[in-house]
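The structure under discussion appears below in the form of structure tokens.
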Amino acid sequence: MSGKSIALITGVTGQDGSYLSDLLLAKGYEVHGIVRRTSNLLRSRVEHLRNDPAIYGQRFFLHYGDLSDATTLRRIFRKVRPSEVYHLAGQSHVGLSFEIPESTCEEVAMASLRLFEICRDEPQPVRIYHASSSEVFGDAETAPQHEGTPFRPTSPYGCAKAFATQVAHVYRETYGMFLCNGMAYNHESPRRGENFVTRKITRQVALIKLGRASELVLGNVESRRDWGHAQDYVEAMWLMLQHASAGDYVLATGESHSVLDFARAAFAVVDLSADDFLRHDTALDRRSEPARLVGDATKIRNVLGWVPQRRFHDLVREMVLADLALLESSTL
Ligand code: GDR
């Protein structure tokens, strides 16, 4: 690293933002995060950093801001003068984007454009990571998908990500900005939000094991995803910004599993059978689903040497055990 590396993270309190903060702090960075006024920082995923007096206010800083508010964002940029920006914020629930399409597009598409514009005006060189998504490929005609696979999003969320990804590409080509798109497939961990299917499953399995729940209600369990571990994915984000040139990369494991596979593996961790507890609720089915999302991460492996370290069954196990431990330590 040459000079002091200063990172600015949008979405710092999310799963990826918190792991990325851990990673960058371990690498000696000064880390700044943008949080909404409305965010509850208590018991948040960055609480361990906020509670560490050697870190918080020394090398880890939080700034109140909103991606809809360019004036405040520009003030934060002027104060921080980041060398690396990791743009992770935005409404991230695909199913919910059918209920709130306008705000999803504002937060995911327009907010990204706004942020890129601010970065364009920065006096110092700034490298930017944009958290794109496998949802841009949507109803892909081919599998696995790679960086050249055409975008065919199937949700308002996917459309918004496709817009932001293409704008990032245009800004890189037009203005020579160092802007990378990470087309990340699903990535999970014990810090995953409970409204995503993996965490919903592992939490419910733990509750059932402890005798505090009796069923697991899901939508489409035949749906398949390429699930990796969030800690591997934040490593990839960092690697992208260390390379000599900016580019777009698929972040994936290359393995696909169904939601049912995940549920079965999770119940197996606690010696129970999924078939005894699963119930389908059509209200949880999505209006449309990407057909065969699985990624080909050959490019990032060849160019940056990135290979995901954590395997599917280890991920499921880690999440179930973490939920068990969490519930056992709480009185809920
Ligand atoms: P996804 O993740 O939409 O792929 O987006 P999610 O975990 O929400 O859904 C995965 C699959 O599981 C099916 N499913 C259910 N999903 C939820 N949330 N709740 C249920 O009860 C349920 N039952 C079945 C879904 O239909 C779907 O097929 C995630 C997000 O992190 C995005 O932000 C990110 O861009 C993509 O991954 C890559």
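Among the residues of region 64-81, are any surrounded by fewer than 22 Cβ atoms within 10 Å (Cβ to Cβ), closer than 19 Å to residue 179 by Cα, in contact with a strand residue (DSSP E or B) (Cβ under 7 Å, 6 or more places away or on another chain) and of a type outside the set (Val, Ile, Thr)? Within region 64-81, one or more residues are surrounded by fewer than 22 Cβ atoms within 10 Å (Cβ to Cβ), closer than 19 Å to residue 179 by Cα, in contact with a strand residue (DSSP E or B) (Cβ under 7 Å, 6 or more places away or on another chain) and of a type outside the set (Val, Ile, Thr).
Let me confirm something: among 306, 238, which residue is crowded, with 16+ Cβ neighbours inside 10 Å and part of a loop (DSSP other than H, G, I, E, B)? Can you show your working first?
On the way: 238 fails: part of a loop (DSSP other than H, G, I, E, B).
None of the other options fit; the residue is 306.
Residue pairs whose Cβ atoms lie under 6 Å apart, separated by 6 or more positions or on different chains, with the first residue in region 214-225 and free of Cβ contacts under 8 Å to residues at least 60 places away in the same chain and the second within 6 Å of the ligand (Cβ to nearest atom), are 221/259.
Per-residue answers, yes or no, for (1) open to solvent by 50 Å² or more (accessible area, probe 1.4 Å); (2) part of a helix (DSSP H, G or I); (3) out of contact with any helix residue (DSSP H, G or I) (no Cβ under 7 Å at 6 or more places or on another chain); (4) closer than 21 Å to residue 234 by Cα:
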position: 250; (1), (2), (3), (4): no, no, no, yes
position: 302; (1), (2), (3), (4): yes, yes, yes, yes
position: 315; (1), (2), (3), (4): no, yes, yes, yes
position: 320; (1), (2), (3), (4): no, yes, no, no
position: 324; (1), (2), (3), (4): no, yes, no, no
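Table: residues versus (1) within 16 Å of the ligand (Cβ to nearest atom); (2) in a helix (DSSP H, G or I).
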| position | (1), (2) |
| --- | --- |
| 116 | no, yes |
| 138 | yes, no |
| 141 | no, no |
| 163 | yes, yes |
| 171 | no, yes |
| 182 | yes, no |
| 194 | yes, no |
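The residue pairs whose first member lies in region 272-297 and is within 13 Å of the ligand (Cβ to nearest atom), whose second member is acidic (Asp, Glu) and open to solvent by less than 40 Å² (accessible area, probe 1.4 Å), and whose beta carbons are closer than 9 Å, counting only pairs six or more residues apart or on different chains, are 290/135; 293/135; 293/226; 294/226; 295/226. Inside region 167-186, residues that are touching a residue at least 12 places away in the same chain (Cβ under 8 Å) and open to solvent by 60 Å² or more (accessible area, probe 1.4 Å) make up a count of 2.
The values are calculated or read from the model by the stated rules, or taken from the named source; none is laboratory data. Just so it is clear, the structure is predicted and the values come from calculations on it, not from any experiment. Every residue, glycine as well, gets a Cβ built from its backbone with ideal geometry; the counts of neighbours run over all protein chains shown. Heavy atoms of the whole protein, side chains included, go into the accessibility calculation; ligands, DNA and RNA do not. Shrake-Rupley method; radii C 1.70, N 1.55, O 1.52, S 1.80 Å.
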